[in-house]
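The values are calculated or read from the model by the stated rules, or taken from the named source; none is laboratory data. All figures in this text were calculated on a predicted structure; none of them were measured in a lab. Note: ideal-geometry Cβ built from the backbone for every residue, glycine included; neighbour counts use all protein chains shown. When the accessible area is computed, the model is the full protein with side chains, heavy atoms only, and any ligands, DNA or RNA have been set aside. Shrake-Rupley method; radii C 1.70, N 1.55, O 1.52, S 1.80 Å.
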Amino acid sequence: MKKIYFIGGGQMVEAIIRAIIHNKIVEEKQITVFDIDPSRLQYLAETYGIEVVFNEKSGFRDADLIIIGVRPQDDIKTIGSLIDQYADQTATILSIVAGVTLKKLESYLQNRFALARVIPNTLTDTGFGYSATTLNELADKNKIDSFLNGFGKVEYMDESLLDIFTGYGVAGPNYIYYFIESLADAGVLAGLPRDLSWKIALENMNGAVEMLKLSGKHPRQLLDINNSPGGVGINALFELNKSDFAAGLQSSVLTAVKRTSQLGGETK
């Protein structure tokens, strides 16, 4: 990979840059970023030692991977025109814009390019989390696979699943953070010091995930093992069931999926 050009320098782009540099996927000198905010560019250059450009046209030079990292509401049509004029025809165009389909991306381009649509995970610093990716017929996953695996794991899937993946997979850590916060608060409410409650909540979360992996059992099987007749655990679950916790979580996922589809419709 010769050079990566990021159009847009927001939080998600920064997280990707931080991970691919840390994991030595590319060197700093191979990364170029453009953003409309000069102070943002100065911050990225000083923090990561990468090249930044204040004129978006100059960033296409020698780039074989071009990342569209703007918001769905931004002027992607103009970005498409710039790609047509200045990008090498052999470059792969990779979009991380939520809700914007390959078909819509292609409509912004007069020339034919290898296109990849990627929904990146938000756990880039950990090596965990999946990014969902779909390709057009010109794209070669061998050219982008190392890049994508540089900030987590990657799943290639049909484009029809990407909006669902966004609302479920990418938003997924939000549900976990919210649950952990609520569980730690419950420990404090019951009388534990907050630091102790927090440690226990995190350890239980990590341990439960490992138990599921190691045992290969369904969560319901482990619940059956953990809860004796008339015991503490089953009484706690009874109370939790009355809160409609499962339905609330599932409704949250469906709302997130719906909003992802709406964002695509708002694209300029």
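Per-residue SASA remark: GLU159, around 50 Å² accessible (1.4 Å probe; ligands, DNA and RNA not included).
For region 168-212, the set of chymotrypsin sites (Phe, Trp or Tyr not before Pro) satisfying both a DSSP loop assignment and a count of at most 14 other C-beta atoms within 10 Å is empty. Taking the protein heavy atoms of region 93-211 in the context of the full set of protein chains, the accessible area attributed to carbon and sulfur is 59 percent at 1.4 Å. Sorting ARG40, ARG259 on solvent-accessible area from highest to lowest, probe radius 1.4 Å, gives ARG259, ARG40.
Below 8 Å, C-alpha to C-alpha, sequence gap of six or more: please give me the relative contact order for the chain in percent. In percent, rounded to a whole number, it is 17.
If you take the Cα centroid of region 215-246 and the Cα centroid of region 115-137, the two points sit 34 Å apart. Relative contact order for region 89-128: 52 percent, from Cα pairs under 8 Å spaced at least 6 residues apart, divided by residue count. Derived from the Cα gyration tensor, the three semi-axes of the equivalent ellipsoid of the chain are 41, 20, 17 Å, largest first.
For region 77-83, 3J(HN,Hα) computed residue by residue from phi via the Karplus equation (6.51, -1.76, 1.60; θ = phi - 60°) reads 4, 5, 4, x, 5, 5, 4 Hz, glycine and proline entered as x. For the chain, the solvent-accessible area works out to 57 Å² per residue, with a probe of 1.4 Å and every protein chain left in place. The string of couplings for region 116-133 from the Karplus curve (6.51, -1.76, 1.60, θ = phi - 60°) is 10, 10, 10, 9, x, 7, 9, 9, 4, 6, 9, x, 9, x, 9, 9, 8, 9 Hz, one whole number per residue in order, with x for Gly and Pro. Summarising the strand pairing of region 1-119, around 0 percent of its internal DSSP beta bridges are antiparallel. Ordering THR133, THR101 by accessible surface, largest first, gives THR101, THR133; the 1.4 Å probe counts only protein heavy atoms, with every chain in place. Heavy-atom accessible surface of PHE128, to the nearest 10 Å², is about 120 Å², with a 1.4 Å probe and all protein chains retained. Heavy-atom accessible area with a 1.4 Å probe sorts LYS141, LYS242, largest first, into LYS242, LYS141.
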